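Here the structure is laid out as structure tokens; the discussion comes afterwards.
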Amino acid sequence: MSDFQDPDSQSTSRRTRTVAKILHAAARLFGAEGYRGATMNGVAAAAGVSKSLLHYHFQSKEHLLIEAQRLTFRQVHSRIVDKVKSGDRGMNTALSGLDALWGALRDMHAWAPFMVETVALASQGGPIRDRLDEFYAENEQMLAHAIRDIFQEDTERLFVPPEQLTRLVRITMHGLVVELAYARTPEDIERIERSYQDLRRLFHEAALKPQPNP
């Protein structure tokens, strides 16, 4: 077997590694310093790349924020897929996936005001709107796929089709992000956590229709 590697393949692999390094560095800095505190220079330094290379891949801090969120949600989805592949299905797995999604959002508390700000900027159209639309579309596709796999044997018992349930989950989680954006005290965070637990209970009780009588 030849050891030759297509130069295009090598270039793509190198680009993928560089982008991953930048996104992981951005996620760490956004979490530690907040969106305002984290600078593009700081992200470049943390990722070990030049500022020009950072700007080659990410045209703005808003672009970087959206892509860092995308990376986080892809990782959550990957954990859910691994559970399904191992044979875990049904409501308990769905709740575990919901918990993982909420945990990722809660960990982004420092980013929340700027996630909301990015949505506000996107309402004006332009590149940010296009990127946010892509992000939402990918999230909904991943969530719908996970819901279909998790409830594979109970799809007919879902109160609404997987696509509609996906939209409800995304919109509800977005509402919690808005609440996180306004949270200022530990008591605020605790109140939002209780709201999530209420949502979790509603999902548990209402997502599936009762089993038909034999």
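Nothing in this text is a laboratory measurement; each read-out follows from the coordinates by a stated rule. Computed from a prediction, not measured in an experiment: that's the story for all the values here. Don't worry about glycine lacking a Cβ; one is built from the backbone with ideal geometry, like all the others, and counts go over all protein chains shown.
Go through 194-202, 169-177 and give me the packing order, highest mean Cβ count within 10 Å leading. It would help to have the intermediate numbers written out before the result.
Working: 194-202: 13.2, 169-177: 16.2.
Going by the mean number of other Cβ atoms within 10 Å, highest first, we get 169-177, 194-202.
Only Cα pairs under 8 Å and at least 6 apart count here; give the relative contact order of the chain as a rounded whole percent.
The value is 20 percent.
Reachable aspartates and glutamates from K21, Cα under 13 Å, same-chain residues fewer than 8 places away excluded?
Cross-link targets: E67.
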